[in-house]
1. Considering only residues that are outside any loop (DSSP other than H, G, I, E, B), under 23 Å from B:V424 (Cβ atoms) and touching a Ser or Thr at 6+ places or on another chain (Cβ under 8 Å), which ones fall in the range B:649-667?
2. Taking the criterion of being over 24 Å from B:L342 (Cα atoms), surrounded by 21 or more Cβ atoms within 10 Å (Cβ to Cβ) and touching a residue at least 60 places away in the same chain (Cβ under 8 Å), would at least one residue in the range B:543-552 satisfy it?
3. Quickly run through the range B:186-199 and pick out the residues that are surrounded by fewer than 21 Cβ atoms within 10 Å (Cβ to Cβ) and assigned to a loop (DSSP other than H, G, I, E, B).
4. Hey, could you check the range A:48-84 for residues that are in a helix (DSSP H, G or I) and free of Cβ contacts under 8 Å to residues at least 24 places away in the same chain and say which is farthest from the other protein chains (Cβ to nearest Cβ)?
5. How many residues are touching a helix residue (DSSP H, G or I) at 6+ places or on another chain (Cβ under 7 Å) and within 22 Å of A:W93 (Cα to Cα) if we restrict to the range B:93-131?
6. Within the range B:126-141, can you find the residues that are at negative phi and facing another protein chain (nearest Cβ under 10 Å)?
7. With (1) open to solvent by less than 80 Å² (accessible area, probe 1.4 Å); (2) within 29 Å of B:R397 (Cα to Cα); (3) at pLDDT 95 or above as the list, and A:P192 as the residue in question, which single condition is left unmet?
8. Given the condition closer than 22 Å to A:L110 by Cβ and not in a helix (DSSP H, G or I), answer yes or no: does some residue in the range B:151-173 qualify?
Amino acid sequence: LLSTSVVWEDIDAAQWSNLWRFIHSPDRFPTRAIGLLEAGVPVALVSGASGQVPLDIWPYDEPVLEAVAERLRKELKVDQVILVELSVLSSLWDEQQRFLNSEDDYDDYLFAVRYLTDLMISEQAVCAPGPTIKGFPEIPYEQFRAYIAEAVGTEGSFLINVFDRDALWWSLAGRVADGSIVRLTSSQGLVPPDAPPLHSPWHQANAALLQACEATLGPVRLALSFQLAAFEAVLRASNLPRAIDRFTRTDDLIIWRQ
Amino acid sequence: LTEQAVLRPDAGSATTVRLDSRGLLLGDSRRRLALYSGSLHYWQHDQKLWAPMLRQVRELGFEVVDTYIPWSVHEEERGVFGFDGNRDVEAFLRACEAEELFVIARPGPHINAELTEFGYPPRLVRNERLQARTASGAPAIHVIPPKAFPILSYASEEFFGEVTYWFDAVCPILARNQYPDGPIVLVQADNEHSYFFKLTPYDVDYSAPAIAHFRRVLQEKYETVEVLNETYRAEFGSFDEVVPPRKFEATSREELPQYLDWAYAKERYLTDGVHRVASMLRERGISNVPISHNSPGWHGVPYNQVALEQTVDVHGVDFYVHRREYGYLKQGCQYLAGTARLPFIPEFGAGTWPWWEPIEDADAEANALTALMHGIKAINYYMLVERDRWLGSPIGRRGDVREDTARLYRRLLEFLRASDWTSVDRRSDVLLLSVREYERFAFASRAVSPPFFPEALGPLADLLRHEIFAERTLGFEQWIPRELRAWSNGCAAELSSRHYAYLLGDSESSLEWLSRFKALIVPAFEFMARETQEKLLAYVWRGGKLIIGPRMPLTDETGKPCTVLSSTSAEGIHVVEHAGEISQALSKCNVEPLCELDNPNLELALHSNGSSSYLFVANPTSTSQSGTLNCPGLTELRDAWGNSEPLTAEAGFHLSLHPQQIQVWSC
């Protein structure tokens, strides 16, 4: 969605920290170990927490790779072990770099190469638990992005606010032209720095931001205003429309669409 | 050792602005200019805002402002450039002069600056002839918002031909604005030349010009193919037949030289690229001021700090880190202080780009104190003035000052002035050395070479986060890359926890440089290059103390017998098998810790000049720490930073530090 000339300004640093910590909190990610093989022979073992682990712990007496992975998982106390041939990895990385389409933006390309990675792991790696990485709490950004793209269309603006009770926790406003995002900002870019603080309760603050977004970025096609818990649930939901519907009913999410 | 201010003889000697280990010296008067600077990107702001923004920079206490000059913004078509409106770089330089600010100018060609395609004109990155290639011949891609792009090959003559158009246009402007005719006191050649962060051994660059560069490096080293064949145990008819390795396949020590050479060529690709850009600047009249370069990292190959400072006047390292990364920043600063002409951070995060973890005010404060504690003398804050694709700067996009954030910078500049920071030296008795041939071995023996796609690697991202060595001994008694890290990291931990005054160094440094330290601690395995062995022995003959381990080398890196160190009768060499024995060895060398402090989790550094001393105490842990400090002759500690009460000695000083706190005491 990003235009190559996207302007990305007046981002509130504190709000951005909130989002970063939320997405990258270590306890949200599974711990993994990766075993590297060359023609079936182990070459190196790396455990996310501790780096490279000597191959002394490799269960050489176990001929079945699935069982090797499971034994290593228990030994290293990680959520998942991936065993993969070095040649497969080399091919994957090569394919990832060949995959760039000159029309792709960052997200398009990232999703494409991630898809290749997931495909490789599910088809050519041995995993415990396996055979795929499904079931781990990674955020399916693609559907969220598609939802915004569909709602905004080729022209217009959008606004996402997340409140922790009545305090604005994170905000993102964007303007779309010719189907690409040409400007991104936060509440800081909608409300001048010398303006009085946004009024609580959050419903009123949201209305003020919506008005400011309309005035600054043009007609708002989509505005989503979440309570923090609802934001987390919606972001991670496997069925986005259903999750949005659910939180709208409980008044933890306010949607504006035009 | 406190005499850090030794100027290397060639540092800026032919220029009006000279550079030494404390900063810059201007003109014949040798006026001292401390290099405390901040970035402002003129083209991102309306010209009317330049003067008020520069005034704010000055008001924070800075005397130097830094700016890129973006090729892509100025180029209208090949060979045609615009310098009007907010692109009028000369008007910006005049505005800086009017506000009594000196300038660091960075004309690229690579600048990043969070611009799409990093400041190169789009026509360049789309030109397939200029693109760097992966091991299989595909264009190498840098993945970054808003658009991934193919990276350029700095081995390509055609690329440098394109740079000529840009430099021919911009250099005359810079040349006529050099000190004393204008405000420019430093010019940077290129930016973060590092394979666009693709720092693994077998990912890039395998373009035809890069392979030709590899062969030229071999020819320069071996001179004849017969010598190369003897070393490689090969039968090449000419250097043109040698192909670079595309993965680590060595199974015996005899195969090692070709991989060490590839690692060396990867270093040379960087130093030769920087040299080429710096030479182009010099040829176009940038002759009054020093030329600098910056790298995004420091540790091991492909970086080579000492070689880079043979191509430019000063080479620094950029840091965008958070307070929990104290150890990484500390080691980087110790390495710069232990190797660089001027320990300089050319980009120190004041805020961040939106696709990175924000650097908060508390991070910036901890980072500043960590850098000073471990020997940094010059800093450029990037970005002091916020702009498109940046957040968290002390000065906003409208010239507004964010008081909460700005407070740190005012306080820091006040401390630097009050302490006369350029005049104090960090006490450094010991240098813990990186040995280049082992670093090349460690680099070349990586089992995997992921491209720089941390976000795209998903569940495989740990392969990029860690050094992963192919677990083969190659016939050596030890698995050297792993033992190297274990021994060196163990020594560093021992030196920190026992409070020795130490820095990190590099075996590439000159004998004169190394001889400034009372003791060298050097990792050593079965092989070590003859040149390194001879330098270390010369250091011992000069009276230095050499602590070496875990064993004595018996061959050179090609496997030929070389017993320069093991057969010497010189006194002053101590072999230490285990890192835990370092303090005993230092004691035998009459090197003592800085002070007695009964908490090994707390770290110390002492800076002093003839009249003042500053003791830094760091708690890098995530829990509160306390300890009792005993230093002979020390009766009072006065808070020099403003976060602690004064202390007087009562059976020692009772220190108490919050998690990740650094205290600065005047004593």
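The values are calculated or read from the model by the stated rules, or taken from the named source; none is laboratory data. All figures in this text were calculated on a predicted structure; none of them were measured in a lab. Counting neighbours? That spans all protein chains shown, and the Cβs are built from the backbone with ideal geometry, glycine included. Keep in mind that these areas ignore ligands, DNA and RNA; they rest on the heavy atoms of the full protein, side chains included. Shrake-Rupley method; radii C 1.70, N 1.55, O 1.52, S 1.80 Å.
1. Scanning the range B:649-667 gives B:F653, B:L655, B:L657, B:I662, B:Q663, B:W665, B:S666.
2. Scanning the range B:543-552 turns up at least one residue that is over 24 Å from B:L342 (Cα atoms), surrounded by 21 or more Cβ atoms within 10 Å (Cβ to Cβ) and touching a residue at least 60 places away in the same chain (Cβ under 8 Å).
3. B:E192, B:S194
4. Result: A:A67.
5. 4
6. B:R126, B:R133, B:T134, B:A135, B:S136, B:A138, B:P139, B:A140, B:I141
7. All conditions are met except number (3).
8. Yes.
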